[in-house]
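The values are calculated or read from the model by the stated rules, or taken from the named source; none is laboratory data. Note that the structure is predicted; figures quoted are calculated from it, not measured. Positions of Cβ are generated from backbone atoms using ideal geometry, with glycine treated the same way; all protein chains shown enter the neighbour counts. Side chains are part of the model used for accessible areas, which takes the heavy atoms of the whole protein and leaves out ligands, DNA and RNA. Shrake-Rupley method; radii C 1.70, N 1.55, O 1.52, S 1.80 Å.
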Amino acid sequence: MSGRDMSGREAILGKLRVAAGGGSADAARQEAVEKRLARPPRGLIPARGQLEGEARIALFCQMAEAVTATVARVRKADDVPRAVTHYLRARNLAPRVRMGADRRLKAMNWSAQKSLEIGHGPAAPQDEVGVSHAFAGVAETGTVALVSGKDNPTTVNFVPENHIIIVDAKDIAGDLESVISRLRRKYGRGEMPRVLNLVTGPSRSGDIEQTMLLGAHGPRALHLIVVDG
Amino acid sequence: MEVSSPQFKQKSRKALADEQLQRAMGKAKAGFIGKRRKAVDALPEFEALRSSARAIKDHTLAHLDLYLEAYERKVIASGGRVHWAETAEDACQAVLDICRAVGARTVTKGKSMITEEIALNDFLEKNDIRPVETDLGEYIIQLRGEHPSHIIGPALHLNKEQVEEDFRRVHDKLPAGRDLSQPESLLGEAREILRPQYFAADVGITGANFLVAETGTSIIVTNEGNGDLTQTLPRVHIVVASIEKVVPTLEDASQILRVLARSATGQDTSVYTTLSTGPRRPGDPDGPEEYHVVLLDNGRSSMLGTEFHEMLRCIRCGACMNHCPVYHAVGGHAYGWVYPGPMGAVLTPSLVGVEKSGHLPNASTFCGRCESVCPMQIPLPRMMRHWREREFERGLNPATQRFGLGLWAFFARRPRLYRLATSLTIPALSGLGRRTGWFRSLPLAGGWTRHHDLPAPEARTFMQQWRDRDTRKQEGGVA
Ligand code: SF4
C-alpha cells in the first residue's frame, strides 16, 4: 500500500468511526458484525420459487422463456451432444462450438456427432457458439449460475454470439439463497470462485428510445438444455 | 464535470421549449412507470422486501467502518488490492497510477456513475490515456461529448435520428449508403465497432453495484454484457466504487437485488449479475491478472449521522427520477451535475456544497412520488426541505421563499405537470387544512408556507372535477 493509500484509509475510517459514536460501543458493534458475517441471515424469500420437483423445473423453464431464452429438455447427459447439433442446424449455424474442459461436458458422448467441431479453451472473436455447464439454476427468475475455474473460461459466456448452457435439473434451486448456500459448501465459508455469472436471458439494451433490443454486447441468443436424469 | 446547477431555472426553460427533448422524455416516462408497476404487482412480497433492503443498509451504515475493513481483508486475501481515495482527485490519481504501471494506452469502461462523479474520462485523456465507453448509452453520449441525463439510461434524452447522425459522423469509414433507420441497425453497428476495442484494451474499468464484506466480492449488474467483456479481456480490472456500496453478506446483496431491477427497468432481474473476487487464479484460462478496487469517499463520510444520512442507502436505481414530474418536464441535464432528479437534488448539495448547487432542492413539486417508489424508502422530499431550510438559515439565498413559490408557480403553470403533481398531493392537503380552510404550513413545502398562507384546495383537482362532470353528463346525470 502506498503512503497516499495509507493516509486516505486512516482518514476515511477515522471519520466513519467518529460518526459511529467515537468508539464507545465498539465491542458491541464488532460483535454484531462478526455475528452477521459468520451466520448470514437468509432474509425474506419470495414464495414464487418455493416449489418442488417438476413444478420447480417447469417454473425455471417458463421464467427463462419469458426473458427470451429458448429451452430444450433432454432425458440424460448423453443426449446433450445431439441436442446441440440439432440447435445449430435449426439456427443455420456452422457445426462448430467452443467450450471449456468441464468434466461433465467432457463425459458426454460428443464423438457420435461426426460433423461437430469442438474447440477447447477460452473464446476468441471468431467463435460463434459457446457451450457451458451451469453450476445451478434459479427457478424464481429463470437464471443460470456459472462459475469460472480452470475448466470453465469466462470468455465462453460472453464472446460468442450464441450461448448454449447445460443445466442439470437436480441443480435447479428455488431461489438464489439456496445457490449461495451451495457455493459456501463447495468453496468454503467466505470464499468464492473468481467469477460467478448469473445469467438471465440473452444480452439486451434499451438505450435507444427505450426499445429493448436483443444482442447488445453479450450473446444474441441463449439456449438452455435442461438434463432431467 | 463542472457544476452548473445554479442555472437550473434557465436550463429548465430551454428544456421545456425543446421539442425533441420533450418527445424523448414523454416516451421515457411512459415506459419506466408502466414497466415498474407491472414488475412490482407481480411480486406480492415487494413491499416487505423494500423494508428488508432498507434494514440491511441501515445496519451496514451503522457499522460501515467495520464492514469496510472486513471487505478489505477479503479482497487482499483473494489477491486483489484496495486503494482508499478521500477525494475525486485521489481516485483519479489512483486509477492513473495503475494504468501507468502497466503502460496502458486504452482503457475500456463499463457503465459507472462514480467515474462520472470523479470526471475520470477527462483526467485520463489529459494524461494521454484513451477511455472507451462500452455501454451503448454511454458510448453514444461519449461520441457527442455530453454527460448522462439519467443514471441508468444515459442517452434517454436522445431520439434515434440523433444517434444515427452521430454514428454517420464518427464511423466515417463505413459505407455512407448503409441503412441506420432502425434501432437494431444502430445497436449492431455499435457492437461491431466496440468488439475489437475490448480485446485491444490494456485496462478495464467498471463500477460496482455492491461490495460484499463477507467474501471481498464486487458485483456489477448489466443487461448488455459490456461490463463483463470490459472486466474479463484486459490484463487489469479496476473497480471504482464508493464506500456506501458495501453490504455484509451475499444474502444481503440478494435481498437488495430483488428490488433493484424491478425499480429500475421493471425487470425481475437484470440479464447479467456478475460477482467478481480477485484476479485470475492459478490454472484459470482467462480473466484479468490484476484486480484493483478504488474505494471513494468524496464527501460521503460527512453525510453519516446528519439529516442526509439516509441518502446513503441509495442504490442508484433511478426510480425517483422516473416518477418525478419535474424530471419528466426538464430532463436530466437541467440539474447541472452528475446526479439528476430527486436523488440528485439531495445528493448534489451534499457532495459539491449547497452554495454551488443553487436551487436544486427547490426543483420539486413535493408530490411525494419519489419517496413512494424509492426501493430503499429514502425520504427524499424531507431531505430537499432540509436543504431549503439550510439555504435559508445561512442566508445563501435571501429570496428563498420567493423563489420557492416562483418555482412552484413555474411548474404549476404547465398543465401537464400540474395535473401530475396535484393529483397526489391534494387529497392529503385538504385533509390537513379542513379545520380552518387555510394552511399555515404546507407539509414538505415549509420553505415558503412559512411566509404565505395558502387556501386549502378542494379534495379533487379542478381537472378531475371537470372530467367527472363530463362523465356525469354522458350518463345523463346532473350537469
Ligand atoms: S433515491 Fe431511491 S429511487 Fe432514487 S435512485 Fe436512489 S434508491 Fe433509487
- Pick out which of A:12, A:180, A:118 has the largest mean-square fluctuation in a Gaussian network model of chain A, springs linking Cα atoms closer than 10 Å. A:12
- Task: Calculate how steeply helix A:26-38 sits against the longest principal axis of the alpha-carbon atoms of chain A, using the helix alpha-carbon long axis, and give the answer as 0 to 90 degrees to the nearest 10.
- Result: 10 degrees
- Item | Rh by Kirkwood over Cα pairs, then Stokes-Einstein D for region B:43-296 at 1.567 mPa s and 4 °C, µm²/s | 68 µm²/s
- Message: Quick check: net charge around residue B:142, other residues with Cβ under 12 Å of its Cβ, Lys/Arg +1 and Asp/Glu -1?
- Response: -4
- Item | Net charge over other residues, Cβ less than 9 angstrom from the Cβ of residue A:97 (K, R count +1; D, E count -1) | -1
- Which whole number in µm²/s is D for the protein assembly as shown by Stokes-Einstein, with the Kirkwood Rh taken over Cα pairs at 4 °C and 1.567 mPa s? 49 µm²/s
- Which cross-chain or sequence-distant (5 or more) residues have an amide H under 5 Å from the amide H of residue B:150, H modelled 1.01 Å from N in plane? B:156
- Task: Compute the normalised compactness of region B:54-179: alpha-carbon radius of gyration over 2.2 N^0.38 Å, N being the residue count.
- Result: 1.36
- Query: How much accessible surface does residue A:225 have with a 1.4 Å probe, in Å² rounded to 10?
  - Reply: 0 Å²
- Item | For region A:1-94, accessible area per residue (1.4 Å probe, heavy atoms of protein chains only), Å² | 57 Å²
- Item | Among A:191, A:140, A:161, residue whose mean-square fluctuation peaks in a GNM of chain A (springs only between Cα atoms under 10 Å) | A:191
- Message: I'd like the distance separating the alpha-carbon centroids of region B:73-137 and region B:1-72, in whole Å.
- Response: 24 Å
- For the pair A and B, how large is the buried accessible area, both sides, in square angstrom to the nearest 100, if the probe is 1.4 Å? 7600 Å²
- Task: Would you kindly derive the ³J(HN,Hα) couplings of region A:132-137 from the backbone phi angles with the Karplus curve 6.51 cos²θ - 1.76 cosθ + 1.60 (θ = phi - 60°), listing them in order in whole Hz, with x for Gly and Pro?
- Result: 10, 10, 6, 7, 6, x
- Query: How many percent of all Cα-Cα pairs in chain A sit more than 22 Å apart?
  - Reply: 60 percent
- Charged-residue dipole, Cβ positions (Lys, Arg, Asp, Glu), the protein assembly as shown about Cα centre, Debye nearest 20: 1620 debye
- Once you put a point 7 Å from the Cα of residue A:120 and another 7 Å from the Cα of residue A:82, both along the Cβ direction, what distance in nm separates them? 2.5 nm
- Task: Between A:65, A:52, A:31, find the one with the highest GNM mean-square fluctuation for chain A; connect C-alpha pairs within less than 10 Å.
- Result: A:31
- Do any of A:186/B:74; A:15/B:11; A:114/A:186; B:74/B:109 go past 28 Å between their Cα atoms, and which? A:15/B:11; A:114/A:186
- For region B:78-93, what does the Karplus curve 6.51 cos²θ - 1.76 cosθ + 1.60, with θ = phi - 60°, yield as ³J(HN,Hα) per residue in whole Hz, taken in order and with x for Gly and Pro? 8, x, x, 10, 10, 10, 8, 10, 6, 10, 4, 5, 4, 5, 4, 5
- Item | Formal net charge of residues neighbouring residue A:188 (Cβ-Cβ distance under 13 Å; K, R +1; D, E -1) | +4
- Note on the structure: For region A:212-219, Karplus-derived ³J(HN,Hα) couplings (6.51, -1.76, 1.60; θ = phi - 60°; whole Hz; x for glycine and proline) come out as 6, 10, 7, x, 7, 10, x, x
- Query: Hey, rough spin-label estimate for residue B:202 and residue A:52, points 7 angstrom out along Cα→Cβ, what's it come to in nanometres?
  - Reply: 5.9 nm
